[in-house]
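**Student:** Just passing along the structure, written as structure tokens.
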Amino acid sequence: MIIFRDAAFALTEPAAVTFGKFDGIHRGHQKLMRQLLEEKKRGKKAVVFTFSQSPRAIVTGQSAQVLMTMEERERYLEEIGIDYLIEYPCDETLIRTSAELFVKDIVIGKCHADVLIVGTDFRFGYGRAGDPSLLKRLAPFYGYELITEEKELDEESGREISSTYIKEEILQGRMEHAAKMLGEPYSFEGTVMHGIELARKLNIPTMNLHPSSQKLLPPFGVYCVRALVEGTWYDGIANLGCKPTVTNQNQVKLETYLFNFYKFVYGKTIRVMLYSFVRAEQTFPSVRVLKEQMERDVRDGKRYFSSLPPCEIQR
């Protein structure tokens, strides 16, 4: 996959292009991706157009926490077979570009779009004046085909699936529901770092990640998890938080203990999926009591995964 991170690009091959923030790439986004890959089978280049930062952040000056970092999004899109990812610089000039000029100069001029694939709620251009109806009116003039996808609905609530709705569920610790809307469990990626190694001394060795400051954090506590380490998935448990029993630091860590895993992987990049919230983080009166609780957490985690149907596995 080729990535463009500035405005100095111009595609020359016929392209199918989809547009959006794509935070989390939930089931609604996945409909767009499937259609994009269908166009790739027909000979078009598959292009995802997103922004270096949210236009709303430029206007308000506030950056929201994300479901997916740029690095995670890049990995996902490369894995599914996207040809080009455009992380277009979002600045005052872009924000003040009219919708029709955006189509003329960027959609056609830079992306060489033959096919546009958008959701029914897609908005673009100055004042968010551009929408699918405008794209439909402009299609005969610029010679592209427009494909519009309906929003995906959540079966439990009937609400439209959106990054905002998923964030609400994650902040409440409802990881199973969030996973249904995302199409897979919420995850963290990072490099395994050295810690104080107390868990290793307690015979429950963990792998420590420092979550990105951009990443949305669910409630602090213990989770049933699956982790991808050197190409293999392992079941385990993880604690997200600041370890109040053994440290007074406020640094957030994700400490993951994997069942039947005995390797040292410091410096390796791993991915940890949070399947289910077990309990809130708490302070224990002693390390001995902490160890006893950790052993109970391990037993709970093993029971959780043994109870899952075989079909409920990671993507």
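**Student:** Under a crude label model (7 Å from the Cα following the beta-carbon direction), how far is Cys242 from Phe220 in nanometres?
**Tutor:** Label-label distance for Cys242 and Phe220, simple model: 0.5 nm.
**Student:** At 7 Å along the Cα-to-beta-carbon direction for both Tyr126 and Lys21, put a label point, then send me their distance in nm to one decimal.
**Tutor:** In this crude label model, Tyr126 to Lys21 measures out at 2.3 nm.
**Student:** Return the carbon/sulfur percentage of the accessible area of the chain, one whole number, probe 1.4 Å, all protein chains in place.
**Tutor:** 50 percent
**Student:** With axes computed from alpha carbons, what is the tilt in degrees of helix 70-80 against the longest principal axis of the chain, rounded to the nearest 10 within 0 to 90?
**Tutor:** 70 degrees
**Student:** Angle, helix 287-307 long axis vs. longest principal axis of the chain, Cα atoms, 0 to 90°, nearest 10?
**Tutor:** Computed tilt is about 50 degrees.
**Student:** Helix-only estimate, please: 222 nm mean residue ellipticity of the chain, summing -39500 (n - 2.57) across DSSP H runs of length 4 or more and dividing by its residues, to the nearest 500.
**Tutor:** It lands at -8500 deg cm²/dmol.
**Student:** Right, here's the next one. At 1.4 Å probe size, with every protein chain present, just tell me what the per residue accessible area of segment 32-154 comes to in Å².
**Tutor:** That works out to 51 Å² per residue.
**Student:** Please compute the modelled spin-label separation between Tyr142 and Val252, points set 7 Å along Cα→Cβ, answer in nm with one decimal.
**Tutor:** 3.8 nm
**Student:** Quick one: helix 132-142 against the long Cα principal axis of the chain, what's the angle to the nearest 10°, folded into 0 to 90?
**Tutor:** 50 degrees
**Student:** Taking 0.36 nm per intervening residue step and subtracting the Cα-Cα distance, what contour gain separates Lys263 from Asp105 on full extension?
**Tutor:** Going from the current span to full extension adds 51.6 nm.
**Student:** Among 126-137, 75-86, 12-23, what's the highest-first ranking by average C-beta atoms within 10 angstrom per residue?
**Tutor:** 12-23, 75-86, 126-137
**Student:** Here's another thing I want to ask about it. When you count, for each residue, the other Cβ atoms within 10 Å and take the mean per peptide, how do 1-10, 29-38 rank with the highest first?
**Tutor:** Put in order of decreasing packing, that is 29-38, 1-10.
The values are calculated or read from the model by the stated rules, or taken from the named source; none is laboratory data. Quick caveat: nothing in here was measured; it's all calculated off a predicted structure. Using ideal geometry, Cβ is built from the backbone for each residue, glycine included, and neighbour counts are taken over all protein chains shown. Ligands, DNA and RNA are stripped out before the accessible areas are found, and what is left, the full protein with its side chains, is counted by its heavy atoms. Shrake-Rupley method; radii C 1.70, N 1.55, O 1.52, S 1.80 Å.
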